[in-house]
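Chemist: Please see the structure below; I have some questions.
The values are calculated or read from the model by the stated rules, or taken from the named source; none is laboratory data. What you see is a predicted model, and the numbers here were worked out from it, not measured in a lab. All Cβ positions, glycine included, derive from the backbone under ideal geometry; neighbour counts span all protein chains shown.
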Amino acid sequence: LSTGVSLNDDLLLPYPGTRTRLPR
Amino acid sequence: DCQPVRNDPRNGSKRAVSGHLTVATAPLHSFSVLEPGGPGGCAARRLVTVEETARAAGCLVAQNGGFFHMSTGECLGNIVSNGDQVSSSGGLQNAQFGIRQDGTLVTGYLSEEEVLDTKNPFVQLVSGVVWLLRNGRVYINESEETECDKTQETGSFSKFVNVISARTALGHDREGRLVMFHVDGQTEQRGINLWEMAEFLRKQGVVNAINLDGGGSATFVVNGTLANYPSDHCLDDDMWRCPRRISTVVCVHEPRCNPPDCNGHGTCVQGICHCTGDFWQGADCSILDCGPSNCSLHGLCTETGCLCDAGWRGSNCSQECANGSFGVGCAQKCQCENGAACDPIHGTCACLPGFQGDTCAEVCSLGWYGPGCHHACKCESLCPCDPKTGSCNLTSTMHDILSRGTAFFKEFGGERTAWLCLTLALALLLLLSAAANVTFVLGSRTSRRRLDGEYAYQPLEEMNGELHSLEKEQGDPTCSIKD
């Protein structure tokens, strides 16, 4: 058994793909 | 009635989750934020498994760390790994957890200036999303205010907070122990939400904590071996779950020294540098210290002890060279004569009054006096003064002239003043001699007159053992000698 490659299918993201927040 | 009650796992009712709580004492020495695959991983935007990063770094326990861009591999937020800042948020406000150089644990929101502080810089720093616990109180609502742009991200951020999923967190308790936590899960099916995680940590005595990357990123590794159930399916066979290739890692290891080699001047034992020799000091053995007096300000502290300046000696350079020696290590002999003092640093001679020259071996030239003969005589008669005091007393000057007659002629034979004084002295001696002779002659005549002429001069003469005819005539020759 070797370490398989993840499907990256369990996504838990705090922000949408395109971040719009500005630095403060 | 025969059917059992079945709870919806998403409505807050009790359900089982599995996870691990890791507590690390002395986190300054036993906790690190690691770049993916080792130093330079953020710059290279590497994505590797936690196992791979943890094995290379010798982690006892490791979890996934900060958020990252899944397609580009970019490390997100502020990342300081073992003293090196490898990623910056650019002022974007998210929850931070870090350790400063002095061991201070920092949780919360940081300005860019605080992140870049150089007086007490961060040695470890990682960014999360949502400050779960602040000083023992759940702080999620306030975090949403700070970390969420309500106009565009509310829906996404709210779901992130409230959905059940695999989670990881990082915080500390009141004793300053670092706490790592993870639970397994699958988004919307298993695991816990952030409210549940915050409350659980609070009950475990955690007082400050932030949320790190979860979902399929949640990975827990013990001694280099995967020790949890990740939620991502495997590409080859979705019956299996595979650990995701992620970015940064938070790692608990055996206590290490900073720097690990104690700057080459000590041995690291359980995170504490034991410095070699008697003179390397400091937590990282970087300070040379030769004791309270530190070479008495008369030397340089080296790893073999005090290296004394010229003129000083002793283990802490507190003793001057003994009279008669000078220089580095008092190794050179002074050449001073006539009671002159010797400078312990350069060996120069401080002459007593009346002497001059490098070694004070020469007496003052006529017309000069004092220490080193630097003062000119000021006698009205143009005579030389006393070479020691500068006194113009003639008697003492004459005495000096006579006692140093040879030197006088050699050194000052051509000088008018010197000749004048010598002439005066000789004239005085001549007068004294003449007076003595006159007195002697006069005294002799007076004595002869007192004898009334009762004497005769008889020259002694002996020729072949026969006496002179006159002696024969007078009989006993010895009796003829009267005077």
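Chemist: For segment B:173-192: of the residues being surrounded by fewer than 24 Cβ atoms within 10 Å (Cβ to Cβ) and facing another protein chain (nearest Cβ under 9 Å), which is farthest from A:LEU12 (Cα to Cα)?
Modeler: In this case the residue turns out to be B:GLN186.
Chemist: Oh, and also: Could you look through segment B:134-166, keep only residues that are among the hydrophobic types (A, V, I, L, M, F, W, C), in contact (Cβ under 8 Å) with a residue 40 or more places away in the chain and farther than 26 Å from B:TYR229 by Cα, and pick out the one that is nearest to the other protein chains (Cβ to nearest Cβ)?
Modeler: It comes out as B:ILE140.
Chemist: Step by step: first the residues of segment B:102-133, then only those that are assigned to a loop (DSSP other than H, G, I, E, B) and either more than 43 Å from the chain's Cα centre (by Cα) or within 12 Å of chain A (Cβ to nearest Cβ) (or both), then the one that is surrounded by the most Cβ atoms within 10 Å (Cβ to Cβ). Which residue is that?
Modeler: It comes out as B:GLY128.
Chemist: Checking B:CYS242 against (1) in contact with a Cys (Cβ under 6 Å, 6 or more places away or on another chain); (2) surrounded by fewer than 16 Cβ atoms within 10 Å (Cβ to Cβ): exactly one of these is not met. Which one?
Modeler: (2)
Chemist: Out of B:ALA26, B:ALA43, B:ALA56, I need the residue that is surrounded by fewer than 21 Cβ atoms within 10 Å (Cβ to Cβ), at pLDDT 95 or above, within 24 Å of B:LEU110 (Cβ to Cβ) and of a type outside the set (S, T, N, Q). Which one?
Modeler: One residue alone meets the criteria, B:ALA43.
Chemist: Also, quick follow-up: Can you tell me which residue in segment B:229-239 is nearest to the chain's Cα centre (by Cα), limited to those that are in contact (Cβ under 8 Å) with a residue 60 or more places away in the chain and buried (at least 23 other Cβ atoms within 10 Å of the Cβ)?
Modeler: Ranking the candidates gives B:PRO230 first.
Chemist: Scan (1) surrounded by fewer than 17 Cβ atoms within 10 Å (Cβ to Cβ); (2) not in a loop (DSSP other than H, G, I, E, B) for the single condition B:ALA62 breaks and write down its number.
Modeler: (1)
Chemist: When segment B:63-86 is examined, which residues are found to be more than 14 Å from chain A (Cβ to nearest Cβ) and farther than 22 Å from B:HIS172 by Cβ? Walk me through how you get there before you give the answer.
Modeler: Keep residues of segment B:63-86 that are more than 14 Å from chain A (Cβ to nearest Cβ), which gives B:63, B:65, B:75, B:79-86.
Selection gives B:CYS75, B:ASP84, B:VAL86.
Chemist: For segment B:271-308, how many residues are part of a loop (DSSP other than H, G, I, E, B) and under 16 Å from the mean Cα position of the chain (by Cα)?
Modeler: Here the count works out to 18.
Chemist: Do we find that B:ASN316 is at negative phi and either touching a residue at least 24 places away in the same chain (Cβ under 8 Å) or in contact with a Leu (Cβ under 8 Å, 6 or more places away or on another chain) (or both) in this structure? Let's see the steps before the verdict.
Modeler: Details: at negative phi: yes; either touching a residue at least 24 places away in the same chain (Cβ under 8 Å) or in contact with a Leu (Cβ under 8 Å, 6 or more places away or on another chain) (or both): yes.
So B:ASN316 fits the description; yes.
Chemist: What's the number of the only condition in (1) within 46 Å of the chain's Cα centre (by Cα); (2) under 18 Å from B:SER127 (Cβ atoms); (3) not small (Gly, Ala, Ser) that B:LEU194 fails to meet?
Modeler: The one condition B:LEU194 does not meet is (1).
Chemist: Do you know which residues across segment B:220-240 are under 15 Å from B:GLN63 (Cβ atoms) and more than 10 Å from chain A (Cβ to nearest Cβ)?
Modeler: Correct list: B:PHE220, B:VAL221, B:VAL222, B:ASN223, B:GLY224, B:THR225, B:ALA227, B:ASN228, B:TYR229.
So that you can scan it fast, the table gives a plain yes or no per residue for (1) more than 30 Å from B:CYS321 (Cβ to Cβ); (2) at pLDDT 90 or above; (3) of a type in the set (D, E, K, R):
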{"position": "B:THR248", "(1), (2), (3)": "yes, yes, no"}
{"position": "B:ILE272", "(1), (2), (3)": "yes, no, no"}
{"position": "B:ASP278", "(1), (2), (3)": "no, no, yes"}
{"position": "B:CYS290", "(1), (2), (3)": "no, no, no"}
{"position": "B:LEU297", "(1), (2), (3)": "no, no, no"}
{"position": "B:GLU303", "(1), (2), (3)": "no, no, yes"}
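Chemist: Give segment B:241-264 a look and list any residue that's in contact (Cβ under 8 Å) with a residue 40 or more places away in the chain and more than 14 Å from chain A (Cβ to nearest Cβ), or say none. Give the derivation first.
Modeler: The initial filter retains those residues of segment B:241-264 that are in contact (Cβ under 8 Å) with a residue 40 or more places away in the chain, namely B:243-258.
Of everything in segment B:241-264, those that are in contact (Cβ under 8 Å) with a residue 40 or more places away in the chain and more than 14 Å from chain A (Cβ to nearest Cβ) turn out to be B:THR248, B:VAL249, B:VAL250, B:CYS251, B:VAL252, B:HIS253, B:GLU254, B:PRO255, B:ARG256, B:CYS257, B:ASN258.
Chemist: Here's a follow-up. If a residue has to be of a type in the set (D, E, K, R) and more than 26 Å from B:CYS257 (Cβ to Cβ) to count, how many in segment B:32-55 make the cut? Give the derivation first.
Modeler: Going through segment B:32-55, the residues of a type in the set (D, E, K, R) turn out to be B:35, B:45-46, B:51-52, B:55.
From what's left, more than 26 Å from B:CYS257 (Cβ to Cβ): B:45-46.
Total satisfying the criteria: 2.
Chemist: In addition: Could you identify the single residue in B:ALA283, B:ALA218 that is surrounded by fewer than 17 Cβ atoms within 10 Å (Cβ to Cβ) and small (Gly, Ala, Ser)?
Modeler: Exactly one of B:ALA283, B:ALA218 is surrounded by fewer than 17 Cβ atoms within 10 Å (Cβ to Cβ) and small (Gly, Ala, Ser), namely B:ALA283.
Chemist: I'd like to verify a number: residues in segment B:140-187 that are part of a loop (DSSP other than H, G, I, E, B) and modelled with pLDDT of 95 or more, how many?
Modeler: Step one: filter segment B:140-187 for residues part of a loop (DSSP other than H, G, I, E, B), giving B:148-149, B:163-164, B:166, B:174-177, B:184-185, B:187.
Still in the list and also modelled with pLDDT of 95 or more: B:163-164, B:166, B:174-177, B:184-185, B:187.
The number of residues fulfilling the criteria is 10.
Chemist: Here is a further query. If you scan segment B:13-54, which residues turn out to be within 38 Å of the chain's Cα centre (by Cα) and within 14 Å of another protein chain (Cβ to nearest Cβ)?
Modeler: Result: B:THR53, B:ALA54.
Chemist: Can you report the number of residues in segment B:1-23 which are crowded, with 16+ Cβ neighbours inside 10 Å and modelled with pLDDT under 95?
Modeler: Going through segment B:1-23 one residue at a time, the tally reaches 1.
Chemist: Here's a follow-up. What are the pairs with Cβ atoms under 8 angstrom where one residue, in segment B:1-22, is under 12 Å from B:GLU196 (Cα atoms) and the other, located anywhere, is modelled with pLDDT of 75 or more and part of a strand (DSSP E or B)? Sequence gap at least six, or different chains.
Modeler: B:VAL17/B:VAL183; B:VAL17/B:ARG190; B:VAL17/B:ILE192
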